[in-house]
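A quick write-up on the structure given underneath.
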Amino acid sequence: MKKSLVFLILVLIFSGCAKTKEDKAIHIKDDNVTLRLEGMAYPSEKFVLYSAANGTVEKVYVQNGSKVKPGDKILKLSTKSLDLDIEKLKTDIKNTQKEISEAKKAYYNYASLNITKKELKKMALLHSKGYASEFEVDNYKKNYLNELTNIENQKKSLKTQILNLTSTLENQKIELKKLLLQKQKANAVSPVYGFVANLSVSPTQEITANQKICEILNIDTIKVKAGLPPGLLPFVKVGQRVRIDFITEPQYSTYAKITKINPIVDKKFQNMTIEIEVKNKNYLIQPQTRALIMIFLSPKDQEKVKKLTESKGGIIEIPSDI
């Protein structure tokens, strides 16, 4: 069940000698109250494209301002160095596989073990007939046990060697997959629609994996962001109608609706912020274009704001469904 709470707004933020942020944003003309905010235009989407591999730039297919769609080529990268690494790794894999195969076919010196075993049996037989001493039997027994221990140690050592080689082989295969994937993605393509901006590579330039190539900006739709003084939050809602006057030449104005409210203070704006999406006809609005936003208030909210601006002290209660 939705409960109605109450916003308590101290009139002190709207009074005093110096004007507050809230005061500056409130505009009263002909008994009509609106909120006036300063804003900035941003791309509705921004994608940063990075290089997937090391190499030399052979060709750049775009320039700043080029319009691209998913799959369009951005640059071609020479992969000679990458190809050498791939060939070396393939050779290393073959050598490791050969070592594993040879290790599994390893020869154990069972002949020596069998000889000492026969000699021990022979000496044990002589001892049973009184022709050999206990000391002689013990020496042959030690020889047999030493050979047996040697065989077991060889087996353990070989097992460890095979395990290590198998682990090395798996790591080599994984690294080969990574290099082949890097080669596959060496020729950078656009993953989105938009315009190329901040292109930072040129032909013959050496670049590394994860190096920034460019940005791709979607300015078909512009996002306008404006600072909202916290005290005015109760009067602003998603879907509320606004007028935006862009500071352009020629001046461009349009009507739109608030699409998002960010109640956390933004460091750049030093305020909460609102966002408004606007269709960018003829690309007249560019990123970083400044704008003035007028927020229209309902008659009920206009009266509340008037009371706030006229109050000299105390607390104003503003009902809320939050």
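In table form, for the structure just shown:
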quantity	calculated
Out of Lys117, Lys159, sole residue that is among the basic types (Lys, Arg) and touching a helix residue (DSSP H, G or I) at 6+ places or on another chain (Cβ under 7 Å)	Lys117
Ser112 vs. criteria surrounded by fewer than 12 Cβ atoms within 10 Å (Cβ to Cβ) and either among the β-branched types (Val, Ile, Thr) or without any contact (Cβ under 8 Å) to a residue 60 or more places away in the chain (or both)	no
Strands (runs of 3 or more DSSP E) within segment 240-283 that include 2 or more residues closer than 15 Å to Pro230 by Cα and either assigned by TED's automatic domain parsing to the domain that holds Phe195 or touching a strand residue (DSSP E or B) at 6+ places or on another chain (Cβ under 7 Å) (or both)	252-266, 271-279
Given (1) at pLDDT 95 or above; (2) buried (at least 19 other Cβ atoms within 10 Å of the Cβ); (3) under 30 Å from Thr309 (Cβ atoms), number of the condition Val238 does not satisfy	(2)
Test: residue in segment 184-198 that is in a helix (DSSP H, G or I) and more than 18 Å from the chain's Cα centre (by Cα)	yes
Options Leu228, Leu232; residue that is surrounded by 13 or more Cβ atoms within 10 Å (Cβ to Cβ) and either in contact with a helix residue (DSSP H, G or I) (Cβ under 6 Å, 6 or more places away or on another chain) or not assigned by TED's automatic domain parsing to the domain that holds Gln270 (or both)	Leu232
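The values are calculated or read from the model by the stated rules, or taken from the named source; none is laboratory data. This is a predicted model, so every value here is computed, not measured. When we count neighbours, we look across all protein chains shown, and the Cβ atoms used for this are built from the backbone with ideal geometry, even at glycine.
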